[in-house]
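Peer 1: Okay, here's the structure, questions in a sec.
The values are calculated or read from the model by the stated rules, or taken from the named source; none is laboratory data. Here the structure is a predicted model, which is why all the values come from computation and not from measurement. Virtual Cβ from ideal backbone geometry, glycine too; neighbours counted across all protein chains shown.
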Amino acid sequence: MLKTLSIRARIFIGFGAIGLLLVVLAGVGIQRVDQINSGLTEINDVNTVKQRHAINFRGSVHDRAIEVRDLALFQREDRIADALALIDELEQKYIRNARALDEMMASASTTARERELLQRIKDIRQKTRPMIAEIIELKQAGEFEEARALILNDARPAFITWLNRINAFIDYQEAQNDTLTTTTREIGQNFIWIMVGLTLVCLALGGSFAWFTVAGIRPLRTLSERVRALADGHLDVSVPEIPTRDEVGQIAGAVAVLKDSVLEADRLKREQAETERRAQEQQRQAMNELAERFEREVGEIVQQVSSSAQQLQGTAETMSRAASDTSERVQTVGSSAEQAASNVQTVASAAQQLTNSIDEVGSRINQTSETARSARERADGARQQIQSLAQAAHQIGDVIQQIQDIAEKTNLLALNATIEAARAGEAGKGFAVVADEVKSLANQTQKATEDITQRINTVQGETDEAVSVIEAVADNMREIDEAASSIASAVEEQISSTREISRNVEEASTGVQDVSSQMGEMGNAAGQAGTASNEVLSAASTLSQQADTLSTKVDGFLREVRSG
């Protein structure tokens, strides 16, 4: 199920679970500490105080019993006033403690047994006080035997019963304290195990979610290496398939698309180079064919002109026949001109085909530019996704800081609890042990969060490196886009040049047609050539020389055309 969640969701769920367990841990700790505090409060502030009042009861009763006995049996007459004053002081001490104990019994929670024991003390007190007053009266009246008999027979058993009932109340409070101490220690011991268990669960959950998170982003290293290899021009690298739907899977998909775009751009680049090579080859073949055709046709014309000049030189005396021959040759030249016009039309068609080929190259270049621009936009999208992952990692750091603050506050609470346990003395030793355990667990929690912080810092470093690599790829795509644009501009210039060539060839075709029409007029002028035979002979000599020169020039021109 975790593999279907995004990395951000995994992190929030993991730390949410840990935070919830920490809240539970804190709640259980507060509840247990409150129970321990309630137990210690009842022991120290209630039961011990009740026990202290009862002990004061016992001291007052015991001392009064001694004073009453001494007063009745041994006191001298001059010591009666002092004994009576001491007996009254002990009675007032008893009354003060009885009043305080009654107030505590009315305000604090009490048991039926406790109220019964206290009532029995009050009953025996009510029974014994009249005996004390009667003994004092008998002593003051000088009836020593009656006073002695009263104290030995009635007052002595009453004082013993009174002290026994007070001791029973003291023993009951002691038993209550022992029970509360045992219960408090059990609560503390159970709290230790609860704290250990919840802490282990927190550590297990934290470790599990940390492992799942790190395992989820581990493919980023491989993806960054693949992207770096693509940026270096190694197009044969494989992009791992990550079937998850989290950010890493999206990045892997973007890298796969990026690789396909780079491969497509490389393929189009190779196709463009092949197209240019074929166009150059076709152009070179067309030029060679044109040169051969030109050599064949123009060579024949030059040869014919040379032959005609020689014939004119040999037959100057037969001017009329030469004029006739000239007329025939003019017709031949007209046919050649028409053939030349046809050849020029062929060249024009080839130029138009070349223009169409260059237009196709321009279209492919524009497609390459669009593909490179799309790859750059996808690389930018991948960079934005990785930057979002980096931001989520920084937010994780804030959550970890909050957990550390909670651990520090828990540590401070444990320290305060240790101080309070020290104040409680022997009764607070068990609570001190619990406080030390709380402090130890808080320190363990703080160490665990520091370890998670280091792992998150590693994630942030890997994320920043991936951002740098994708930015490098985006820059390379931008360079490819610019190069494609430059090539497109060059192709546009080539298209313009080719169209200019086509236009010039069409103009040449028109000129050749004009020459063909003018050859008819030259045939009419041939009849007039007979009247200027001498001039024709001189012109024939010059024409023969110029024909040789023309042949030399044509051969040089053809060599230049064939050489490129």
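Peer 1: Has segment 53-72 got any residue that is more than 30 Å from Glu146 (Cβ to Cβ), small (Gly, Ala, Ser) and at pLDDT below 90?
Peer 2: No, segment 53-72 contains no residue that is more than 30 Å from Glu146 (Cβ to Cβ), small (Gly, Ala, Ser) and at pLDDT below 90.
Peer 1: Filter segment 16-41 down to residues that are at pLDDT below 75 and either over 20 Å from Gln173 (Cβ atoms) or among the acidic types (Asp, Glu) (or both), then give me how many there are.
Peer 2: Residues in segment 16-41 being at pLDDT below 75 and either over 20 Å from Gln173 (Cβ atoms) or among the acidic types (Asp, Glu) (or both): 1 in total.
Peer 1: Follow-up. So, in segment 436-455, how many residues would count as being at pLDDT 70 or above and of a type in the set (Val, Ile, Thr)?
Peer 2: 1
Peer 1: Additional query: Return the residues of segment 95-131 that are under 15 Å from Phe57 (Cβ atoms) and either outside any helix (DSSP H, G or I) or of a type in the set (A, V, I, L, M) (or both); say none if nothing qualifies.
Peer 2: Ile95, Ala98, Ala100, Leu101, Met104, Met105, Leu117, Leu118, Ile121, Ile124
Peer 1: Out of curiosity, is Val24 assigned by TED's automatic domain parsing to the domain that holds Leu203 and loosely packed, with under 15 Cβ neighbours inside 10 Å?
Peer 2: For Val24, the condition - assigned by TED's automatic domain parsing to the domain that holds Leu203 and loosely packed, with under 15 Cβ neighbours inside 10 Å - is met.
Peer 1: Another question, if that's okay. Assuming Leu198 fulfils every condition listed in (1) modelled with pLDDT under 90; (2) touching an Asp or Glu at 6+ places or on another chain (Cβ under 9 Å) apart from one, which condition is it?
Peer 2: Of the numbered conditions (1) modelled with pLDDT under 90; (2) touching an Asp or Glu at 6+ places or on another chain (Cβ under 9 Å), the odd one out for Leu198 is (2).
Peer 1: Same structure, new question: Inspect segment 248-258 for any residue being touching a helix residue (DSSP H, G or I) at 6+ places or on another chain (Cβ under 9 Å), closer than 30 Å to Asp359 by Cα and either modelled with pLDDT of 70 or more or not in a helix (DSSP H, G or I) (or both) and give the result as yes or no.
Peer 2: Checked against the condition, which is being touching a helix residue (DSSP H, G or I) at 6+ places or on another chain (Cβ under 9 Å), closer than 30 Å to Asp359 by Cα and either modelled with pLDDT of 70 or more or not in a helix (DSSP H, G or I) (or both), segment 248-258 yields at least one hit.
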